[in-house]
Amino acid sequence: MNIKSKIIKLLESGNKRLLNYADYIRYKFLGNEVHLRALIEFSNYCKNTCKYCGLRCDNKKIKRYRMTINEIINHAKIAKSLGYKTVVLQSGEDDFYTKDKLSYIIKEIKKFNLVITLSIGERSFSDYKAFKIAGADRYLLRIETTDKILYKSLHPNMSYENRISCLENLISLDFEVGTGSLVGLPNQSLESLAEDILFFKKINADMIGIGPFIPHPDTPLASEKTGDFFLSLKVMAITRILMKDINIPATTAMETLNKNGRIIALQSGANVVMPNITDEKYRKLYEIYPGKICINENAKMCKTCITKKIESIGRSISKHKGSHIKNIQN
Ligand code: SAH
């Protein structure tokens, strides 16, 4: 049986043992440390129309916000004071934040000696290069699905080829690159999920984020079925088994489907959590999907809460930056 068929078989019939084995691989290669990344959702404006996402520009029901440059820098300051080593700056695809504005923000945040991850979608090579020169370290850009037909149907006015070329540009600029997929999209096959996993391995990603698809009522996919929690865990676990030392977050979408979702994910191969530190007045407006957790909490509460949960399963919060240590034989 070739590797793709083996993966499909595991996706079909893998059970708790698969998740336990991924947990063992995580322990063997990365130990018990969990890396926290402080998530700053700085704008919910988006020029795209991804059919699954609540931020799509055609959604007129959502109240839009943009943080000022100073607000973003202040969020990073709060992250630093709470002991975070990494901030993740995430937004819709919002061209209001030009290459120069973002470069300035990155330079200012670097003064706090924080690792910076960007998650702001597709930009030109020259923008990515400027962000790297300004000091950004990592970049998250999910492929979402490697099924080209499905990709096209979900992303009007976007192209699969450009997504790939963005990922290639980020890799060539020496960012630590994260990608990942949605699990349970309408018309997504197990075969295409297996292809996703092989794609992660092929591009040698440093981080992989896997999350279940959760239908948003104000999108064209409103009446579709929610992605399966267990299947999402299996995609994540197989990724861990194939890519032993990479960073894998226990995603927030997992916790939306299961109230213990992030802890279960941490026990099925994940080694990273991204607590939200976005100001309370904004976090409920950053509604990618409904039922997002922690919308009434503040930065400090999220840190305390997740720390307790992580320690309760015998894991510890890392004091290190948590970069992907390459060159370990996979
Ligand atoms: N604009 C940035 C950030 C997007 S939001 C970018 O394009 O990369 C981060 C992730 O949320 C997306 O990559 C997508 O995988 C996920 N997401 C969007 N809509 C979702 C939904 N309805 N259910 C679950 N996850 C969703």
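Quick one: Cys294 ticks every box in (1) out of contact with any strand residue (DSSP E or B) (no Cβ under 6 Å at 6 or more places or on another chain); (2) assigned to a loop (DSSP other than H, G, I, E, B); (3) open to solvent by 20 Å² or more (accessible area, probe 1.4 Å); (4) within 16 Å of the ligand (Cβ to nearest atom) except a single one, so which number is it?
Single failed check for Cys294: (1).
State yes or no: is Ala237 within 13 Å of Pro212 (Cα to Cα), small (Gly, Ala, Ser), modelled with pLDDT of 95 or more and open to solvent by less than 50 Å² (accessible area, probe 1.4 Å)?
No; evaluated as a whole, the condition is false for this residue.
Just wondering, is there one or more residues in the stretch 193-209 that are within 9 Å of the ligand (Cβ to nearest atom), in contact with a strand residue (DSSP E or B) (Cβ under 6 Å, 6 or more places away or on another chain) and not basic (Lys, Arg)?
Scanning the stretch 193-209 turns up at least one residue that is within 9 Å of the ligand (Cβ to nearest atom), in contact with a strand residue (DSSP E or B) (Cβ under 6 Å, 6 or more places away or on another chain) and not basic (Lys, Arg).
Could you please give the count of residues in the stretch 214-234 that are closer than 30 Å to Asn59 by Cβ, more than 12 Å from the ligand (Cβ to nearest atom) and crowded, with 23+ Cβ neighbours inside 10 Å?
Within the stretch 214-234, residues that are closer than 30 Å to Asn59 by Cβ, more than 12 Å from the ligand (Cβ to nearest atom) and crowded, with 23+ Cβ neighbours inside 10 Å number 1.
Open to solvent by 30 Å² or more (accessible area, probe 1.4 Å), farther than 20 Å from Gly178 by Cα and free of Cβ contacts under 8 Å to residues at least 60 places away in the same chain - does that describe any residue in the stretch 24-33?
Yes, that holds for at least one residue.
Using the structure shown, decide if Lys281 is more than 23 Å from Lys61 (Cα to Cα), open to solvent by 40 Å² or more (accessible area, probe 1.4 Å) and either more than 16 Å from the ligand (Cβ to nearest atom) or not acidic (Asp, Glu) (or both).
No: the conditions fail for Lys281.
How many residues does the stretch 236-251 contain that are of a type outside the set (A, V, I, L, M, F, W, C), part of a helix (DSSP H, G or I) and under 17 Å from Gly184 (Cβ atoms)?
1
The values are calculated or read from the model by the stated rules, or taken from the named source; none is laboratory data. None of these values were measured; they are calculated from a predicted model. Note: ideal-geometry Cβ built from the backbone for every residue, glycine included; neighbour counts use all protein chains shown. We work out accessible area using only protein heavy atoms, side chains counted, and drop any ligands, DNA or RNA first. Shrake-Rupley method; radii C 1.70, N 1.55, O 1.52, S 1.80 Å.
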